Amino acid sequence: MLHQIDPKTILDNVFSLIGDQWMLITAGNAERCNTMTASWGGLGVLWGRPVATAYIRPQRYTYEFVERSPAFTLSFFDESFRPQLNLCGSKSGRDVDKVKACGLTVQTGADGAPFFAEARLVLVCKKLYWQDLDPSHFLDSGIEAHYPGRDYHRMYIGAISEAYQSEN
């Protein structure tokens with residue numbers, strides 16, 4: 001069971017939370033949403049408020065949902081959900097109903113943003129800003145190796161309007 005918390009009380013190491021444990025980025029509404037696994041992102045403070053940064057390639061189906069929605073969510077799970085995270089990172093929502101395939105329960109937060117009841121931590125993020133990554137600004141030539149298809153991510157910055165944590 002999730003209960004609302006102040007984002008400032010999150011004790012997780014954000015590097016491990018995002019980079020090792022992964023997250024689901026989700027957008028849409030309770031009736032129609034899509035989700036994708038991500039291991040790139042950030043949490044911090046910008047413009048005087050807690051924010052999350054998410055990066056999505058334009059060919060991802062979730063990109064279309066985030067573009068059309070005023071908010072997106074980041075859902076974090078315990079290790080027992082690794083198979084579901086693998087599925088959501090390897091299958092397209094164009095081909096499979098990932099929510100159904102993973103047995104997840106959709107709930108909604110601010111702006112009707114969908115998230116999953118099974119998560120241990122959820123951040124509801126109101127979109128504040130986006131920008132496409134520009135390779136002419138890469139200062140380390142090794143970064144380009146992440147883009148053999150030249151499909152540069154779009155960066156979204158969202159104000160964390162709500163945070164939920166499981167009672168466990």
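Read-outs: derived from the displayed coordinates by stated rules, not from any lab. Computed from a prediction, not measured in an experiment: that's the story for all the values here. Cβ placement follows ideal geometry from the backbone for every residue including glycine, while neighbour counts extend to all protein chains displayed.
Taking each residue as 0.36 nm, the span from ALA145 to ALA30 lengthens on full extension beyond its C-alpha to C-alpha distance by 37.7 nm. In order along segment 48-56, the phi-based Karplus estimate (6.51 cos²θ - 1.76 cosθ + 1.60, θ = phi - 60°) of 3J(HN,Hα) comes to x, 8, x, 9, 10, 10, 10, 10, 9 Hz; Gly and Pro are listed as x. Each Cα pair under 8 Å and six or more residues apart adds its sequence gap; the mean of these over the residue count of segment 2-163 is a relative contact order of 29 percent. Between HIS137 and MET1, the FRET efficiency estimated from the beta carbon spacing at R0 = 41 angstrom works out to 0.40.
Summing Lys and Arg as +1 and Asp and Glu as -1 over all other residues whose Cβ lies under 11 Å from the Cβ of LEU2 gives a net charge of -2.
Summed over qualifying helices (DSSP H, 4 residues or more, each -39500 (n - 2.57)) and divided by its residue number, the chain shows a 222 nm mean residue ellipticity of -4000 deg cm²/dmol.
Given the options LYS91, LYS126, LYS100, state which has the largest fluctuation in a GNM of the chain using a 10 Å cut-off (strictly under) for Cα springs. Largest GNM mean-square fluctuation: LYS100. Residue order for HIS146, HIS137, HIS153, fewest other beta carbons within 10 angstrom first, comes to HIS137, HIS146, HIS153.
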